[in-house]
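For reference, the structure is listed below as structure tokens.
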Number of protein chains: 2
Amino acid sequence: MLENVSAKKRVDPRVRRTRQWLQQALLDLMAEKSFEAITVQGLAERAGVNRATFYAHFNDKYALLEYAMRAQFQEKLRAELPEGAPFRPENLQRLIQLVAENMAEVQDHCPQPRGQMDTLMEKQVKAELHETLRGWLGGLPTGRRAGKPTTDQAATIASWAIYGAAVQWSQRERREPANEFAQQVLPFILAGLQPVAFGVAPETPTAARGRKRSAA
Amino acid sequence: MLENVSAKKRVDPRVRRTRQWLQQALLDLMAEKSFEAITVQGLAERAGVNRATFYAHFNDKYALLEYAMRAQFQEKLRAELPEGAPFRPENLQRLIQLVAENMAEVQDHCPQPRGQMDTLMEKQVKAELHETLRGWLGGLPTGRRAGKPTTDQAATIASWAIYGAAVQWSQRERREPANEFAQQVLPFILAGLQPVAFGVAPETPTAARGRKRSAA
DNA sequence: GTGAATTTGTCGCTTTGACGACGGAGGCCC
DNA sequence: GGGCCTCCGTCGTCAAAGCGACAAATTCAC
């Protein structure tokens, strides 16, 4: 039905609109009631779309939620890291901050008990994270770069690490600003990526303390 | 192609949307450039609609302008005089005020030289005015009411009178508020409608001064 | 002027959305 | 239990929108 949100090759304008409307309708309704209380025909009505049209795009409301979660994060991503932004520490930091902000936004937009939602969001955001990281790691300019399985592995690890940190941050009762959070987390992620990014094993913080900035 | 804006019997949602988008695109572009400088494909692009779709709805940009002008006025009308508002002096006054406000709004929304526009707007607003007045005059509750040709005539006369007054008002360098304007004009229009509304010839102001409130 | 570029209407053809209807699954009341 | 209601998922049909292409008309630049 829906292959991939990020596969954006010449989509029929009508399709874009319909999905946009359904997505917006979902977000609107989620601010009013819990996800369980939302019905497909409620969604269709709110979106101004025929109910049958809904089923032409999504299997059920869960599929729409998946789509919406990913699309929302993707949009923020494109806005902050336009197109082929290079792999730099500051960009990675922005990415981390984005994950945190997105999570916070979702959480206070949907005050109702979010049952399935968190799981679904996690899946989609991590998928998008993975894709971005894989793009960065796979396209490194240095000749000495790791093979595909390794970059996939590294991307997966980093995705989980980032997301996990964001979850922990978002659940703190007193959280610092998202940018500070990202700044704190960045070194850990960067260190974790060392092997694939530079072809060497990651150093322990203790060992690294001797030499400074050995690699740019 | 387009039968009537006010004939709103079960329109396909897609049609409503497409026309809405084209109308909005026209208004947007008119705030930026003169009507002559606007192209059909510019309209289609701005509306996010295929150019061929434009021609499925309107013969040319002039037809769209007609439609937009009437729809805009119609919308204000429905908002201010919902559905079957009865024929009362205060409602007629609101109608007059509406014509004036609409004219002012159009004039400062489109700063560019408006060539064809004014003529077109006049045609459409007068048509809508006529329809409203005809509805009022034709449905008068008194048994003693004039036949159809007379009510049409009266509606036409009143439409022109109201519109003319609004034009003159809108071209003043220092215009009073629209509600004051409407208040001033109301008596004239009301007097002009006397024959059809009450089945008697209109009185001269002098003759009327003797008796007060002869008819409710 | 000429020639390139743009806009205009108009065509078939394909894809998508609207609509109404259907049977079935679940909840609720009596 | 049986009725009533809402929502679900799916279907077939038809209308609307997208798209590419076309010749003709126009604007624009040189």
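The values are calculated or read from the model by the stated rules, or taken from the named source; none is laboratory data. Note that the structure is a prediction, hence the values are computed from the model and not measured. For neighbour counting, all protein chains shown are included, and Cβ atoms are generated from backbone atoms with ideal geometry for every residue, glycine included. Accessible surface areas use protein heavy atoms only, side chains included; no ligands, DNA or RNA. Shrake-Rupley method; radii C 1.70, N 1.55, O 1.52, S 1.80 Å.
Things to note:
- Residue match in region B:7-16 (condition: more than 14 Å from chain A (Cβ to nearest Cβ), modelled with pLDDT of 90 or more and closer than 21 Å to B:Gln124 by Cα): no
- Subset of region B:95-109 (residues that are touching a helix residue (DSSP H, G or I) at 6+ places or on another chain (Cβ under 9 Å) and surrounded by fewer than 19 Cβ atoms within 10 Å (Cβ to Cβ)): B:Ala104, B:Glu105, B:Gln107, B:His109
- Any hit, region A:68-84, residues being farther than 23 Å from A:Pro177 by Cβ and touching a Leu at 6+ places or on another chain (Cβ under 7 Å): yes
- Among (1) open to solvent by 90 Å² or more (accessible area, probe 1.4 Å); (2) in a helix (DSSP H, G or I); (3) at pLDDT 85 or above - the single one B:Glu173 does not satisfy: (2)
- Among the conditions (1) within 11 Å of DNA strand C (Cβ to nearest atom); (2) assigned to a helix (DSSP H, G or I); (3) modelled with pLDDT of 90 or more, B:Asn59 misses just one, which is (2).
- A:Tyr55 vs. criteria more than 9 Å from DNA strand D (Cβ to nearest atom) and of a type outside the set (A, V, I, L, M, F, W, C): no
- Members of region A:68-88 that are within 12 Å of the chain's Cα centre (by Cα) and among the aromatic types (Phe, Trp, Tyr): A:Phe73
- Among the residues of region B:43-100, those that are within 14 Å of another protein chain (Cβ to nearest Cβ) and among the small types (Gly, Ala, Ser) comprise B:Ala44, B:Ala47, B:Gly48, B:Ala52.
- Inside region B:69-91, residues that are among the aliphatic types (A, V, I, L, M) and either open to solvent by 50 Å² or more (accessible area, probe 1.4 Å) or within 16 Å of DNA strand C (Cβ to nearest atom) (or both) make up a count of 1.
- Selection count where residues are in a helix (DSSP H, G or I) and either among the hydrophobic types (A, V, I, L, M, F, W, C) or under 26 Å from the mean Cα position of the chain (by Cα) (or both), scope region B:15-56: 29
- Considering residues of region A:19-38 that are more than 14 Å from chain B (Cβ to nearest Cβ) and open to solvent by 70 Å² or more (accessible area, probe 1.4 Å) only, the residue nearest to DNA strand C (Cβ to nearest atom): A:Glu36
- No other residue among A:Ala31, A:Ala85, A:Ala104, A:Ala71 is under 25 Å from B:Arg17 (Cα atoms) and away from DNA strand D (no atom under 16 Å from the Cβ) apart from A:Ala71.
- Each residue in region B:22-55 was checked for being out of contact with any Lys or Arg (no Cβ under 7 Å at 6 or more places or on another chain) and over 27 Å from B:Glu131 (Cα atoms), and 20 pass.
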